[in-house]
Structure formats: C-alpha cells, structure tokens
Amino acid sequence: MASNLQRRNRVFKALHKPLLLFGIERKLFGGAIIIALMMNTVTSSLPFTVITFLLAAICAYIITVKDPIYLTALIKSLSARPIYDAAKQDPQRMTIE
C-alpha cells in the first residue's frame, strides 16, 4: 500500500548560502584585493590602485551574481582529468598473415 504522506526534508539556508563581502564571493573579493595590491607595488600610484580594485570588484560582483560558486567549479574543472572518448581514436588495423 502506498501512503499519501509526502516526505519533507528540512533545509537550512545557512548551509547553502554563499559567504559574501559587499555582495562579492569572499574568494573573489580577496583576489580583487591581491590584484590591487600587486598593481600598487608595480606602479606606486594610489589612484591607479583604487581604480584597479574597483574594476576587479565590479567584475567579481558580476561573476557572483551570475553564479556564486563559479570559482569553485572552475578550480575543480581544472584539476579534473579529461574523459576518454573512444570515438576519437583510430581503430587498430589487424591483418592475419
């Protein structure tokens, strides 16, 4: 006998919510800061450093809005091995002598 009771699973939003700083995923925010600090070291210009940080932060914000776990997925895809495709391989030619 099939029961009409529906199964309910509790979902906690805090477990699935990305960690954001100013609307930017925290790893991308840290990357924006590191890029700005590297530009400060190279140019020693505060206005250029601020402009670089703002541009990097805007790019990171756009990426976060489109997909909050983009960076994690990108890193995992770089470490994954390519899948073997048998259709791309040339068949072995066998001859019987």
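Here, each number is a calculation from the coordinates, and none is a lab measurement. As the structure is a prediction and not an experimental result, all values here were calculated from the model. Here the Cβ positions follow ideal geometry from the backbone for every residue, glycine too, while neighbour counts run over all protein chains shown.
As I understand it, the dipole of the chain uses +1 on the Cβ of Lys and Arg and -1 on the Cβ of Asp and Glu, about the Cα centre. Which of Ala32, Ala57, Gln6 lies farthest toward its positive end?
Positive-end residue among those listed: Gln6.
Could you give the length gained by full extension between Val11 and Ser45, i.e. 0.36 nm per residue of separation minus their alpha carbon distance, to one decimal place?
7.4 nm
Provide Tyr70, Tyr84, Tyr61 in ascending order of the number of other Cβ atoms located within 10 Å of each residue's Cβ, fewest first.
Neighbour counts put them in this order, fewest first: Tyr84, Tyr70, Tyr61.
Before anything else, pin down the relative contact order of the chain: Cα pairs under 8 Å, at least 6 apart, normalised by residue count, whole percent.
Across the chain, relative contact order equals 24 percent.
Straight-line reach from Lys88: which lysines fall under 30 Å, measuring Cα to Cα and dropping same-chain residues less than 8 apart?
Correct list for Lys88: Lys76.
Which order results if Val42, Val11 are arranged by neighbouring Cβ count within 10 Å, fewest first?
Exposure proxy ranking, most exposed first: Val11, Val42.
Can you give the Kirkwood hydrodynamic radius of the chain from its Cα pairs, in Å with one decimal?
When all Cα pairs of the chain are included, the Kirkwood radius is 18.3 Å.
Kindly point out which whole DSSP H helices in the chain project their C-alpha atoms 24 angstrom or further along the helix axis while averaging a Kyte-Doolittle hydropathy of 1.0 or above. Don't jump to the answer; show the numbers that get you there.
On the way: long enough: 26-43 (25 Å, 1.19); 46-66 (30 Å, 2.02).
Those that pass (Cα extent of 24 Å or more, hydropathy at least 1.0) are 26-43, 46-66.
What is the Cα radius of gyration of segment 19-69 over 2.2 N^0.38 Å, N being its residue count?
Here the answer is 1.14, to two decimals.
How much length is gained if the chain between Lys66 and Thr95 is pulled fully straight, taking 0.36 nm per residue apart and subtracting their Cα-Cα distance, in nm to one decimal? Present the calculation step by step, with values, prior to reporting the outcome.
Details: separation 29, 0.36 × 29 = 10.44 nm, distance 5.55 nm.
Additional length available on full extension: 4.9 nm.
Which residues in segment 1-38 have a backbone N closer than 15 Å to a point placed 7 Å from the Cα of Leu54 along the Cα-to-Cβ line?
Residues 36 qualify, since their backbone N sits under 15 Å from the label point.
Hey, what number do you get for the chain at 222 nm if only DSSP H runs of n ≥ 4 count, each worth -39500 (n - 2.57), divided across all residues, to the nearest 500?
-17500 deg cm²/dmol
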